[in-house]
1. Label 7 Å along Cα→Cβ of Leu66; the range 30-50 residues with amide nitrogen under 16 Å?
2. So which trypsin sites (Lys or Arg not before Pro) in the range 193-247 end up in coil per DSSP with only 13 or fewer other C-beta atoms within 10 Å?
3. Choose one of Ala208, Phe186, Gly139: the residue whose Cα lies farthest towards the positive end of the charge dipole of the range 100-259 (beta-carbon charges +1 Lys, Arg; -1 Asp, Glu; about the Cα centre).
4. Cα atoms only, the chain: Rg and Dmax in Å?
5. Hey, in the GNM for the chain with a 10 angstrom Cα cutoff, which one of Leu81, Leu111, Leu204 fluctuates hardest?
6. As an exercise, identify the GluC sites (Glu not before Pro) in the range 164-249 lying in DSSP coil whose Cβ has no more than 14 other Cβ atoms within 10 Å.
7. Please identify, among Ile107, Ile184, Ile64, the residue showing maximal mean-square fluctuation in a Gaussian network model of the chain using a 10 angstrom Cα cutoff.
8. In whole percent, what relative contact order does the chain give with Cα contacts below 8 Å and a gap of six or more residues?
Amino acid sequence: MAFDKYEFYQRAVQSPDVDAAFLQRVFQEIRGRDGKILREDFCAAFALCCHWAKLGSDKIAYGIDLDPEPLQYGRDHYLSLLEAEAQTRVKTFLTDVLNPELPKADIIAALNFSYFGFKDRPTLKRYFEACYKSLDADGLLVLDCFGGPACMEPNEHETEYDDFSYFWDQDSYDPITNEARFAIHFKLPGQKKLTNVFTYDWRLWSLAELRDLMLECGFSKVHYYWEGTDDEGEGDGEYAKVESGEICESFVAYIVGAK
Ligand SMILES: C[S@@+](CC[C@H](N)C(=O)[O-])C[C@H]1O[C@@H](n2cnc3c(N)ncnc32)[C@H](O)[C@@H]1O
């Protein structure tokens with residue numbers, strides 16, 4: 001059977017059910033009401049949209065991506081699994097997230113760091129301004145962000161699953177521009193390693209830079225969600241709203257711009 005890169009990406013990288021529940025909780029925590037409309041920017045196969053639609057019959061999801069291939073994959077593999085009624089509450093748009101005509105939403109989520117592809121400040125500012133305009137009056141822009149000293153040098157990290165290995169490979173880091181290149185590889189038992197299945201050419205934006213830019217674009221407040229630690233000092237996957245972070249080799253955090 002042909003190697004299905006989107007299936008392995010989903011299994012290794014994504015937790016769309018956890019993300020949907022997290023976004024629901026964040027909106028409730030900050031706004032004191034249930035968020036209804038989610039826009040998933042850089043949505044690829046829009047797995048998050050599909051899980052959002054499963055959270056309730058009032059939930060609506062819009063997925064935005066400029067590549068037709070993952071959008072079609074999502075229609076075939078994720079959207080088709082939803083009940084017919086829920087399918088009608090998920091819509092996708094084949095367009096740039098910088099398009100100023102995108103639908104209004106309570107929450108705009110840009111996850112798995114895709115906005116790191118906007119490597120200059122004016123372009124990221126255009127994106128935040130466009131998000132601000134298309135959010136509802138009490139809307140939230142939710143981004144994830146990673147950082148820490150471990151990201152400031154090339155390294156490769158392997159995660160072993162029962163039937164494959166996933167590799168997150170940082171190829172480069174430029175301390176002047178903060179630009180870095182990354183690749184995802186997979187290895188299936190008895191097969192050659194499949195290299196560069198996905199590649200990324202990014203600028204590593206810091207949480208402080210993102211906060212300053214969000215405020216400049218009109219967001220009234222910026223919140224942070226930081227991961228807790230387990231008994232062994234490792235991340236426990238539980239995120240809580242904080243005022244300051246903790247020193248660690250590498251982190252994944254969420255930054256939330258509140259309109
Ligand atoms: C890292 S992947 C998908 C990440 C996905 N959000 C996730 O959570 O795993 C990035 C996606 O962003 C899309 N993309 C990149 N630049 C874009 C842009 N300016 N507008 C819309 N989609 C874009 C690519 O086509 C690709 O499908």
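1. Once the point is set 7 Å along Cα→Cβ of Leu66, 41-44 turn out to lie under 16 Å by backbone N, inside the range 30-50.
2. Working: sites: Lys193, Arg203, Arg211, Lys221, Lys241; in loops: Lys193.
Counting only loop positions with at most 13 other Cβ atoms within 10 Å, the trypsin sites (Lys or Arg not before Pro) in the range 193-247 are Lys193.
3. Gly139
4. Cα only, the chain: 18.1, 54 Å (Rg, Dmax).
5. Between Leu81, Leu111, Leu204, it is Leu81 that shows the largest mean-square fluctuation.
6. Working: sites: Glu179, Glu209, Glu216, Glu227, Glu232, Glu234, Glu238, Glu243, Glu246, Glu249; in loops: Glu232, Glu234, Glu243, Glu246, Glu249.
Answer by residue number: Glu232, Glu234, Glu243, Glu246, Glu249.
7. Comparing Ile107, Ile184, Ile64 in a Gaussian network model of the chain, the most mobile one is Ile184.
8. Relative contact order, the chain: 15 percent.
None of the figures in this text is laboratory data; all of them are computed from the coordinates on show. Since the model is a prediction, treat every value here as computed from it, not as a measurement. Don't worry about glycine lacking a Cβ; one is built from the backbone with ideal geometry, like all the others, and counts go over all protein chains shown.
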